[in-house]
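Written below as structure tokens is the structure these notes are about.
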Amino acid sequence: MIGFIGVGVMGEPICRHVASKSGAAVLAYDLAAEPLARLAAQGVKRALSVRDVAERCDAVFLSLPGAPEVKHVCAELLGHLRPGSYVIDLSTVPVGVARDLEARFAARAIHFLDAPVARTRAAAEQGTLSVMVGASAAAAFAHIRPLLAHFATDVTHCGGPGAGQAMKLVNNMVLFQNVVALAEALGVIRGLGLDPARALETLAKGSADSFALRNHAMQAMLPHRFPEKAFSVQYALKDTSYALELGSLTGVELSGLKNAKALLERAAAAGHAAEYFPVIAKIVLGD
């Protein structure tokens, strides 16, 4: 049986794909009842607790908000999972946390893999996420890769424990700075009286093209669509703080990321903490 702990913004659609495609029974646990009720339509059973998942499942996915929740849940899993089980953490946490958890689980002969996901909520719904995996053994990666393929079109073994988290944080570091650049570009475009939609289409045909342009600028900034229950300013600030730790570890200044963090903090202070993080465009544009 496959366990799933955390079925929120990203976890719910991921769990749905696993339940509908794996052919295995799925047991899920979350503090919120609503997503579990929706997942019941896919045959997902509701667990009574984290311990219930640990005692009944051989592979457990985690999709949790951040390091505090992951550490809390893993402390419970450590006491009840059977040796030989797998824990696949889809959350985003600091590299050091992932490495520490891998060592703790390995001491109990349990496989722990950090496997954070990238791309958007829409990609989670479509099953086209990118997963970056840190695993100490190629065999462990090979074992879980078919499960990851149920909801991802790109699955990469990035290296040993913590490597998946490192690459996810670097990915977000680049993304956040791209989104800031696009917000500033829209400010210049507007100031010059150019048509924003045509301007973004033109950029997409040149060397300024990017995932951020096609998704965050075209689909969020341009139509002013910044919903809640998406990757929020609050979550972006959390990942930014984790990424800045990498700068401390490597001796790199990360001045661009610090600038993005300052803009995210301004967005949060302006009341946008729960909104989709490209809302930082409102701060840049003075909207």
Over 28 Å between Cα atoms: which of Lys71/Lys261; Lys21/Lys168; Lys45/Lys238; Lys45/Lys261 fall into that group? Lys45/Lys238; Lys45/Lys261
Between Glu184 and Arg266, what length comes free when the chain is fully extended (0.36 nm per residue of separation minus the Cα-Cα distance, one decimal in nm)? 28.0 nm
Looking at the P(r) of the range 55-186, how many percent of alpha-carbon pairs lie beyond 20 Å? 44 percent
Quick one: length gained pulling Asp287 to His224 fully straight, 0.36 nm per residue minus the C-alpha distance? 21.7 nm
Here D for the range 166-285, in µm²/s, from Stokes-Einstein with a Kirkwood Rh over Cα pairs at 37 °C and 0.692 mPa s, works out to 226 µm²/s
Geometric extent, Cα atoms of the chain - Rg, Dmax (angstrom): 19.6, 64
Within the set of other residues whose C-beta is less than 13 Å from the C-beta of Ala267, count the net charge using Lys and Arg as +1 and Asp and Glu as -1. 0
Just want to confirm a number: the relative contact order over the chain, from Cα pairs under 8 angstrom separated by 6+ residues, in percent. 14 percent
Long-range tail of P(r) for the range 1-103 (Cα pairs > 20 Å, %): 31 percent
With 0.36 nm assigned to each residue of separation and the Cα-Cα distance removed, Glu245 to Ala107 gains 47.0 nm
What size of dipole, in debye to the nearest 20, comes out for the range 145-271 about its Cα centre when the only charges are +1 on Lys and Arg C-beta atoms and -1 on Asp and Glu C-beta atoms? 180 debye
Rounded to the nearest 500, what is the chain's calculated 222 nm mean residue ellipticity when only DSSP H runs of at least 4 contribute -39500 (n - 2.57) each, over all residues? -15000 deg cm²/dmol
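No lab work stands behind these numbers, since they all come straight from the coordinates. Just so it is clear, the structure is predicted and the values come from calculations on it, not from any experiment. Virtual Cβ from ideal backbone geometry, glycine too; neighbours counted across all protein chains shown.
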